[in-house]
Structures are given as structure tokens and as C-alpha cells.
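The values are calculated or read from the model by the stated rules, or taken from the named source; none is laboratory data. Quick caveat: nothing in here was measured; it's all calculated off a predicted structure. With ideal geometry, Cβ positions are generated from the backbone for all residues, glycine too; neighbour counts draw on all protein chains shown.
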């Protein structure tokens, strides 16, 4: 009698599946690919995913262990998600078990049962109904929640309770509220839908192009200047998708962009909406996943990992800010959510929209090769116009905590004329370096090749790479001098200068230090949007996708960081960042102005960007990439290695290079190995080997054999190694 063998992917660092026998009580019709099965694995029990059935095993049948328990009666991973994850595992050369675990919510990875879909919500208990919100004067957020839940007795979705999770926990601990499941997710969030805005000709053309092709796959690059109404284009296309009874998945690069999108989508559509991002609890993420899987949620908004969300009736995929490197996972399973969205849309035969004011060179390259259709929104909507640019040469000028006199004058002018000012500096803390004025000692991280950043408010020195922190010393550890001085500027130091120059003006600093607590980022952004804070100061958190209608001046304090970076993408990211930050100015009926401080006012790339705009810059950058045979005009993979011993990574990578040369891969160039730009990080030494090919297939063929060889290589046991295909960061 032929025996059935289960091929199961188990979360582990091994690049293969494992064979098991079915449990004695397993019914044959339950053994479907995509179900979860509890299995013995070494000395522990774990949950794996069935990926196939076989009649024979390479192992002796007597050595095969039986699986312990079938956890599902139907697949938790739909056919398209299973296929996409298996393809991604092969393309990015990541262990299949770990990749499939990534595609599941945490609670399902642990073996929890799949429950009926419903929106996670909260409702008042009998005790809570007796609480008067007016009596909670010392807890205004708790009072707000009580008031909201009073207005919705059956309960309100978690997405509409715009408070940190800690507030809800406090109310729950008091016995005033309790969790519940709402059958119709989002019905309280949007009882009345707003009417669509009227479209200008370019917007209408984009909507017509996509809606005409909703019954099949096509990839669209929606390139629109900042403030051109890309979101409105999404909304009107999604309206048609909903009318056809289909779902839309919208991906955003960062959690900070989800609240405003959720608010706008909820106001427009009176339909169930699911949200997926890392700021939610495991139970909330599972509930949203179930809503999408069941088809109850017609709109799903999420960050990078939401690409693995199952859809019962897929109709459209949207990737907003498609250029953003946050869409590429940088640790573990190093997938690109943007690229997987394109692959998935093709398999589902639905369109995918990639939206950006500053498209990646990869997407523009695909437009040139006619793989994507190009939709352009060249103008801002309504009465808004594009901001004017001005370069401020700060050479030989005295700076006050990073602020030159010309910029200070412009800030004062816009404040006097009732404008709002946004200042951008992509460096938090007070100063990036603390130095002894007498002997030259510099505060350095003991675990990284990096300097410690001084955070004055907490009187701490912190490493922004490994998290090391310690109190600021009162004297130099080398010469005992008390002359310790900060060098450079961070947002905290610039904020101090603003206090000195504009003491009566309300300010708001938005960076990772000021938004650590849940809900703080959303609260800060709401305050910025209202215009109550006249001066906004922040890092990249302020640069992307936000609509601040009262901002008339944007000041970029240091535009030089990207001009001379070691990564070949540095200038591209510099240009994207400048355009994105500049796009916050003049988005309403008042003209916007952008002032850029730089030590290199004549730099050709900066001049090209300012004078001719991002499209001209992108064309020039693409020509440079083609001449240098760099991506997207070639294909690369980065093999990284790290170890506590300095010589181990280089020794390992030298052996890898020798193996590649012996394998004789066609059309493969090897660069390195070399130490990483920051060789020592978190106490470990790092090195890297770059593999480059003109043809993607040649690179994949080499990597396929190489990864299997690395598992057996003796030197590989001395290091922690990883493969990064299409790396977004060469750091």
C-alpha cells in the first residue's frame, strides 16, 4: 500500500522542507496545501505549513515521524499567497519555513484557531455605562473613549478610537470597557460617505485609464507632483472596484501614513475597512487579517507585511510612495513589498498602481521598457501652485545651531505674515558628536564604529545604530577636562535655537524621540495639520505624504548629506527627500517657498533638481546608472557576513568568492569581499561580497546553487550570513 508523505515547511534557518507521516486520525480530504500542522521538530513542537503531498521520501520510511495534529480543516494560506511566498522564498533565497511563517499573523503561527471574521472593537460594560465623561477631567483621553462608546452602544471599531493602547488597557483594568467583535466592521466609522471631489483633466484621464482595465493585469506608474491629488485618483478608482464587489489592498511605506489614509478612506466609503501595521496588537492584526480573508473588509490598508494578506475577492492593488525604501524588508526575509505587489497582481489578473511624486529609477526604467503604463499628474489641484526654490549658500557664514541668518530672516517673515514654517533636519538628538575641546577626545560607541549622539534633555549619549546609551560625563575620560562641547546639530539643538529666536511662537518637534509612545505620532500630526503649532521641526517623519495646508515655508537645514554618500543610490534619495519635503509647502491657496541651506550651492545634481525638477534629475541619474552598469540597468545581490571575530567574515566571503569563480557562472561579476561601510556594529564585525550580472537569470542561477553550498561550508558555521537580492541599502 502506498503511503502518503507530508511535505511540511517548518520555521527554521534551513533551506528545505521536511517529510512527515500523517497523524493516524487524519482524514485524506483535510490534507490540503496551506493548512497548519503541529509537528515534532528536534526537542520541541512547532507549527508548520503543509506545502505538498508525496508518495516517496528521500529518507528511510522507518525514520519518518508522524505529525502530531492537523490544526485546520481548510487552508489558512490561500493558493495565491502560498504560491507568492514560495516564489519569494526562491527569488530572495530565504528559508521556505521562515518565509511562510512571515505570511501568517503571529497568533496563527502559535497554533491559535482561526475564528469567525469580525472587526475588533470595544464596548462599555455595565459599570462603564455609569461613568460620566465630565468627571474624568484628569484623564481627558479616557473621557473621550467613554464618550465615543456611549454614542455606539454595540461597540466601536478599534480603528476609530484614536488613543494609545495603554489608555484602553487602563479602562479595561478598571472594568469600564471590554473587547468585542463587531460583525459589520467599520459601520460606525463611516455612517455617511462624503462625495467625490471633481477631477482635473489629468486626474480624470488617470482614473479612466485604470478603470477601463480592471478586468485584467496591468501595472501603472502614477507620477504626480506633490499635492496633485493622487489619493483622490485612488479613491475614485476604488469606488469603481467596490461597485463591482471587489476588494482593494493599499500598501503604505510607514505606520505614520496610515492614520490619515484610514481617516480619509473611512470618510469617503461607508464600507468595512481593515488596517494592518505593527502598531496593532496581535489580536487586532489577526482580526483584520480575518476580515480581509473572509471578504468582509472591502478596503485593506497596511504597511509592508500586508502584502501577504489574503483577499477573498481581489480587484486592485495600490502601492503608495512606491519609491520608499521602507517597502523593502531589511532584516530576515528581505522581500520588496512593491515588487511582490506587482507579482501578485499579475497572478491575480488585477491591476496594480504604483504612486509617487518622485518615482524610483527602477519604476521609471520599467516605464521606458514599456512594462508599466505611465500616468502623469503635472499640476497641483485647486488653487495651489508648486513652491518656489531658493538655495542658501552657508559657506563662511556663522550658523546658530545650524540656522543661518538668511534662513532665520525668512522664518520671521513668514511668521509675521501668518504662515506656518516647516524645518527639516534628518538627524535627531542635540548633537551628533561630543568632543573634548582640550585634548580632542570624541565620545564613541564601544560596540560600533560610530559616534554617540548627545541627547541633552535626558543628559544621555546614545548610539542610533545599536541602542547603547550612557549618562553624559562631566569631564573628559582622557584628560579630565570639563570642556566637553557638542559638534553638529540635531533636531533637539535646533529646537533650542528656535526657542531663543522665537520665544512666543508655538513649536512642535516630530522625530523618533518625541513619538515613542503609541498614539503620540498621530496626535502630533493632528496638531501640525491644525496650524496651532506655527513652527514644525522634524526628520523624515514629516517628509512623506502629509498635508499641512498652512505651511508656506519649508527650510531644509542640510541638503549635503546625500550628495557625497557611499551608496550609489545616495543622490537619488537626496533628490526624492528634497522634493518630498518641499512638497509640504504651498498646498492650499497661499504660495509656498523652499529654502535649502548647503555648502555646495553649485553642485550639478542639486542645480538640475532645483531648476528643471525631479523628472530631469531622474533622466540624468538613469543615464549615469546605464553608463556605470548599475541597477536598474543590471542586477545585484549582496552577500553579508558578520561575526564577533574580525577575521571570520572576510575569511568566509573569500571562500565564497573562490567557490563562485570555480563554478564559472556566466556573466557574473564579483566585487569584494570588503568590510562594510560601518565594519563594527553592535559588537560584531561585518563584511560583504557584491554579485552583479547583466541578466537576472544568470544571477539567480548562481545564487540557487550557492546558497545550498553555503549551508555545508565549514566557514559558514563561524559567521552569521545572509543574502540580499535587489538590496535597497548597501550599508
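Summary of computed values
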| read-out | value |
| --- | --- |
| Test set (1) at pLDDT 95 or above; (2) surrounded by fewer than 19 Cβ atoms within 10 Å (Cβ to Cβ) - residue 100 fails condition number | (2) |
| Single residue of region 481-494 satisfying the filter (under 10 Å from residue 402 (Cα atoms) and out of contact with any helix residue (DSSP H, G or I) (no Cβ under 9 Å at 6 or more places or on another chain)) that is modelled with the lowest pLDDT | 488 |
| Selected residue [in contact (Cβ under 8 Å) with a residue 40 or more places away in the chain and surrounded by 14 or more Cβ atoms within 10 Å (Cβ to Cβ)] from 145, 76, 106 | 76 |
| Selected residue (only one of 423, 407 is under 29 Å from the mean Cα position of the chain (by Cα), buried (at least 23 other Cβ atoms within 10 Å of the Cβ) and at pLDDT 90 or above) | 423 |
| Residue within region 431-439 that is free of Cβ contacts under 8 Å to residues at least 24 places away in the same chain and more than 24 Å from residue 559 (Cβ to Cβ) present | no |
| Whichever residue in region 181-208 is outside any loop (DSSP other than H, G, I, E, B) and at pLDDT below 80 and, among such residues, is nearest to residue 264 (Cα to Cα) | 182 |
| Condition check for residue 362: outside the structural domain of residue 75 (by TED's automatic domain parsing) and within 14 Å of the chain's Cα centre (by Cα) | no |
| Output for region 239-270, where each listed residue is under 21 Å from residue 303 (Cβ atoms) and in a loop (DSSP other than H, G, I, E, B) | 252, 253, 254, 269 |
| Qualifying residue in region 506-515 (condition: touching a residue at least 12 places away in the same chain (Cβ under 8 Å), under 27 Å from residue 404 (Cα atoms) and more than 31 Å from the chain's Cα centre (by Cα)) | no |
| Matching residues, region 17-41, being surrounded by fewer than 19 Cβ atoms within 10 Å (Cβ to Cβ) and in contact (Cβ under 8 Å) with a residue 60 or more places away in the chain | 38 |
| Selection count where residues are in a loop (DSSP other than H, G, I, E, B) and either free of Cβ contacts under 8 Å to residues at least 12 places away in the same chain or in the same structural domain as residue 701 (by TED's automatic domain parsing) (or both), scope region 56-73 | 1 |
| Any chance residue 14 is assigned by TED's automatic domain parsing to the domain that holds residue 103 and either surrounded by fewer than 16 Cβ atoms within 10 Å (Cβ to Cβ) or modelled with pLDDT of 95 or more (or both) | yes |
| Criterion violated by residue 319 - all others in (1) in a strand (DSSP E or B); (2) over 19 Å from residue 364 (Cβ atoms) satisfied | (2) |
| Some residue of region 372-383 being more than 27 Å from residue 585 (Cβ to Cβ), modelled with pLDDT of 95 or more and either part of a loop (DSSP other than H, G, I, E, B) or not assigned by TED's automatic domain parsing to the domain that holds residue 239 (or both) | yes |
| Residues of region 438-486 classified as within 38 Å of the chain's Cα centre (by Cα) and part of a loop (DSSP other than H, G, I, E, B), total | 21 |
| Residue within region 264-283 that is crowded, with 21+ Cβ neighbours inside 10 Å, within 21 Å of residue 215 (Cα to Cα), free of Cβ contacts under 8 Å to residues at least 60 places away in the same chain and under 22 Å from the mean Cα position of the chain (by Cα) present | no |
| Among residues of region 693-723, those that are touching a residue at least 60 places away in the same chain (Cβ under 8 Å) and under 29 Å from the mean Cα position of the chain (by Cα), counted | 13 |
| Residue 348 in contact (Cβ under 8 Å) with a residue 40 or more places away in the chain, buried (at least 22 other Cβ atoms within 10 Å of the Cβ) and in contact with a helix residue (DSSP H, G or I) (Cβ under 7 Å, 6 or more places away or on another chain) | no |
| Flag if residue 653 is within 25 Å of residue 224 (Cβ to Cβ) and touching a strand residue (DSSP E or B) at 6+ places or on another chain (Cβ under 6 Å) | no |
| Complete set of residues in region 623-678 that are more than 22 Å from residue 705 (Cβ to Cβ), touching a helix residue (DSSP H, G or I) at 6+ places or on another chain (Cβ under 9 Å) and in contact (Cβ under 8 Å) with a residue 12 or more places away in the chain | 625, 630, 631, 632, 633, 642, 643, 645, 648, 674, 675, 676 |
| Filter result (touching a strand residue (DSSP E or B) at 6+ places or on another chain (Cβ under 9 Å) and surrounded by fewer than 10 Cβ atoms within 10 Å (Cβ to Cβ)) within region 45-62 | 55, 58 |
| Checking residue 702 against (1) part of a helix (DSSP H, G or I); (2) in contact with a helix residue (DSSP H, G or I) (Cβ under 7 Å, 6 or more places away or on another chain); (3) surrounded by fewer than 19 Cβ atoms within 10 Å (Cβ to Cβ), the condition it does not meet | (3) |
| Pick from region 217-238, criterion assigned to a loop (DSSP other than H, G, I, E, B) and within 22 Å of residue 301 (Cα to Cα), ranking: nearest to the chain's Cα centre (by Cα) | 226 |
| Helices (runs of 4 or more DSSP H) lying entirely in region 510-617 (those with 2 or more residues that are out of contact with any strand residue (DSSP E or B) (no Cβ under 8 Å at 6 or more places or on another chain) and modelled with pLDDT of 90 or more) | 570-582, 604-612 |
| Residue match in region 42-55 (condition: in contact with a helix residue (DSSP H, G or I) (Cβ under 6 Å, 6 or more places away or on another chain), touching a residue at least 40 places away in the same chain (Cβ under 8 Å) and in a loop (DSSP other than H, G, I, E, B)) | no |
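Residue-wise test of (1) in contact with a helix residue (DSSP H, G or I) (Cβ under 7 Å, 6 or more places away or on another chain); (2) more than 30 Å from residue 228 (Cβ to Cβ); (3) surrounded by 21 or more Cβ atoms within 10 Å (Cβ to Cβ); (4) in contact (Cβ under 8 Å) with a residue 24 or more places away in the chain.
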residue: 337; (1), (2), (3), (4): yes, no, yes, yes
residue: 344; (1), (2), (3), (4): yes, no, yes, yes
residue: 360; (1), (2), (3), (4): no, no, yes, yes
residue: 375; (1), (2), (3), (4): yes, no, yes, yes
residue: 382; (1), (2), (3), (4): no, no, no, yes
residue: 388; (1), (2), (3), (4): no, no, no, yes
residue: 391; (1), (2), (3), (4): yes, no, no, yes
residue: 411; (1), (2), (3), (4): no, no, yes, yes
